[in-house]
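Scroll down for the structure; my scribbles are underneath it.
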Amino acid sequence: MSDLKKGSCMCGGVKFEYTGTPFSFSLCHCTMCQKFGGGAFGSFIGLKKADFKFSEGEELVTEFKSSDWASRTFCSKCGSSLMYLYHEMNDSYFVSAGLFDSDPEIRPAKHIFVKDKCSWFEITDDIVQIEKY
């Protein structure tokens, strides 16, 4: 994939563009992702920073340090969950999959932190499950 792809938050204040190929798509069941997205899991697509740019609203991006190893960003206007930032991989962004305005041309490859999975959610697909990551 080399065509320009786009995405945005719920209010449209934060917009981004990327080229290149996403390198990962994970469904994370850790408790922080549950709280960050308000659902059973977070869904994040890995992109290289070199292939990514904010086209509008970068000033609306607010960062919250959620642990010693990661931060999460959100739109300060509408609250949309934007990214998971893993500090040891500072050349990459892990963008919330629901923000993409078109098909990101990648599918989930793994469920991670399934040891923390919500008791009310059952994984019923055949995607690889990893207890922790």
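The values are calculated or read from the model by the stated rules, or taken from the named source; none is laboratory data. Bear in mind that the values here come from a model prediction, so they are computed numbers and not experimental data. Heads up, the Cβs are rebuilt from the backbone with ideal geometry, glycines too, and the neighbour counts pull from every protein chain shown. Ligands, DNA and RNA are stripped out before the accessible areas are found, and what is left, the full protein with its side chains, is counted by its heavy atoms. Shrake-Rupley method; radii C 1.70, N 1.55, O 1.52, S 1.80 Å.
Laid out as a table, the results:
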{"item": "Selection count, the stretch 78-121, where residues are of a type in the set (Lys, Arg) and exposed (fewer than 15 other Cβ atoms within 10 Å of the Cβ)", "result": "2"}
{"item": "Residue that is farthest from residue 131 (Cα to Cα) [pool: residues in the stretch 33-56 that are assigned to a loop (DSSP other than H, G, I, E, B) and open to solvent by less than 40 Å² (accessible area, probe 1.4 Å)]", "result": "39"}
{"item": "Single residue of the stretch 57-72 satisfying the filter (open to solvent by 70 Å² or more (accessible area, probe 1.4 Å) and part of a helix (DSSP H, G or I)) that is nearest to residue 96 (Cα to Cα)", "result": "58"}
{"item": "Number of positions in the stretch 65-98 that are in contact with a Ser or Thr (Cβ under 6 Å, 6 or more places away or on another chain) and either more than 13 Å from residue 37 (Cα to Cα) or of a type in the set (Lys, Arg) (or both)", "result": "4"}
{"item": "Residue 94 being closer than 24 Å to residue 129 by Cα, touching a Gly at 6+ places or on another chain (Cβ under 7 Å) and in a strand (DSSP E or B)", "result": "yes"}
{"item": "Condition met for residue 126 (open to solvent by 80 Å² or more (accessible area, probe 1.4 Å) and under 24 Å from residue 5 (Cβ atoms))", "result": "no"}
{"item": "Which listed residue, of 11, 30, 75, is farther than 22 Å from residue 129 by Cβ, surrounded by 14 or more Cβ atoms within 10 Å (Cβ to Cβ) and touching a residue at least 60 places away in the same chain (Cβ under 8 Å)", "result": "75"}
